[in-house]
Amino acid sequence: MIDEAKVKHVAELARLRLSSEEVTKFARQLNDVIESFKILDEVNVEGVEPSFHPIKTENVLREDNVEKCLDKKTVFKLACHKEDDYFKTPKIV
């Protein structure tokens, strides 16, 4: 059960200023949420595997095929910003 002292403690950790009415309200609401989750304790999960994603997913990877690369002359011909045998980039400090 979440009492007002716990709500005040969490509010203090979160650097929240709550009025006494808010503390009472939040304590009641948090207890209602916990009560709602107690319904899950009644569910029979015998033989059910844990699921971390609702749809089974698999990585779809292509084969890694070695192919001929572009030669240096062609690459620099396609480059917009170049100087000598280097790519020109903005200065980063």
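Quick check: residue separation of F87 and R28 times 0.36 nm, minus the Cα distance between them. What number comes out in nm?
Details: separation 59, 0.36 × 59 = 21.24 nm, distance 6.35 nm.
So the extension gain works out to 14.9 nm.
Mind checking which of F26, F76, F52 has the largest fluctuation in a GNM of the chain, springs on alpha carbons under 10 Å?
Per the Cα network of the chain with a 10 Å cutoff, F76 tops the list.
To test your reading of the geometry: what angle, between 0 and 90 degrees and rounded to tens, separates the Cα axis of helix 20-37 from the longest principal axis of the chain?
Result, in degrees: 80.
Cα axis of helix 4-13 to longest principal axis of the chain: angle in degrees, 0 to 90, nearest 10?
That works out to roughly 30 degrees.
Skipping prolines and chain starts, which residues have an amide H placed within reach, meaning under 5 Å, of the one on K82, given they are 5 or more residues away or on another chain?
K88
Read-outs throughout are calculated quantities, based only on the coordinates presented, and are distinct from any laboratory measurement. Predicted, not measured: the structure shown is a model, and the values here were computed from it.
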